[in-house]
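Some notes on the structure that comes next.
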Amino acid sequence: MARTVWDSTVGKKAVMAVSGAIMLLYLVAHVIGNLKIFFGAGEFNHYAHWLRTVGEPFMHYEWTLWLVRVVLVVAVVAHAVSAYQLSRRDIKARPSKYVHKKPRASYATRTMRWGGIILGLFIVWHILDLTTGTVHSGGFQEGRPYENVVDTFSTWYGNVIYIVAMLALGLHIRHGFWSAAQTLGAGSRTRDRALKAVANVLALLLTAGFIAVPVGVMTGVVS
């Protein structure tokens, strides 16, 4: 049964919608946590430490954080694989020749495809920069996320990479939220306008919230 659902176009779209919803919930929580940086190093570093102790003593140190990471990895992989397979299926379904000029993909489709690639590359860079410190520009300090964030956004390329990725994220959310709502049956003729408005507001707030951090460092508000 599960195999049959996964092999169907509707099933893949449902997987994309559900995995996208999981990632969206994470992004909302993540941006709220990120904004704590404006309350100073002590507040931000304490928050980062708290993330590793959530659930104690029932959960061991960092177990809850790792559980969240595993869920996110599964969601990202499921989302990416579903998107790729649907894209390939769409290409194969097209006739090999057109009487007229081959139609171009819609703006939304192109945005989602390229946005997904940009975000995938960004996730890898972001982890290597601020989680493992592998590509961190300054001297990476374990357990000092505030200082590490300031280091990253004190470089022009750190700002460019992050801001471009967040703009791509905003467009991805704007198109993806409405599409997921249609897939999950939430859309209708009367609700579509409201859903599009919610998608626009979510995309705007999340993009602005994430970009506020590098802007804060660049302007000296966070230092």
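For K13, the aspartates and glutamates whose Cα comes closer than 18 Å to its Cα, not counting residues fewer than 8 places off in the same chain, are D90.
For percent of Cα pairs over 25 Å apart, computed directly from the structure shown, the correct entry in (i) 42; (ii) 39; (iii) 48 is (iii).
Here r is the Cβ-Cβ distance between T155 and R69 and R0 is 25 Å; the resulting FRET efficiency, rounded to 0.05, is 0.45. Specify whether the C-alpha gyration tensor of segment 127-215 places it in the rounded, prolate or oblate class, a ≥ b ≥ c being the square roots of the eigenvalues: rounded for a/c under 1.5, otherwise prolate if a/b is larger than b/c and oblate if not. Judged from the Cα gyration tensor, segment 127-215 comes out prolate (a/c at least 1.5, a/b above b/c).
Stretching the chain fully between Y26 and F58 yields a gain of 9.3 nm (0.36 nm per residue, less the alpha carbon separation).
Each of L86 and K36 was given a label point 7 Å from its Cα along the Cα-to-Cβ line. The distance between the two points is 3.4 nm. Residues within the reach of a label modelled at W125 (point 7 angstrom out along Cα to beta-carbon, backbone nitrogen below 11 Å), restricted to segment 161-205, are 161-166.
Taking the longest Cα principal axis of the chain as reference, the axis of helix 9-34 is set at about 20 degrees. Axis of helix 192-218 versus longest Cα principal axis of the chain: the two differ by about 30°, to the nearest ten degrees.
A viscosity of 1.306 mPa s and a temperature of 10 °C, combined with the Kirkwood radius over Cα pairs in Stokes-Einstein, give a translational diffusion coefficient for segment 30-95 of 107 µm²/s. Once C-alpha pairs closer than 8 Å and six or more residues apart are averaged by separation and normalised to the residue number of the chain, the relative contact order reads 28 percent. Measure nothing fancy, just the Cα-based angle from helix 156-183's long axis to the longest principal axis of the chain, in degrees from 0 to 90, nearest 10. Tilt of helix 156-183: around 40 degrees.
Here, each number is a calculation from the coordinates, and none is a lab measurement. Not measured: the values here are computed from a predicted model. Heads up, the Cβs are rebuilt from the backbone with ideal geometry, glycines too, and the neighbour counts pull from every protein chain shown.
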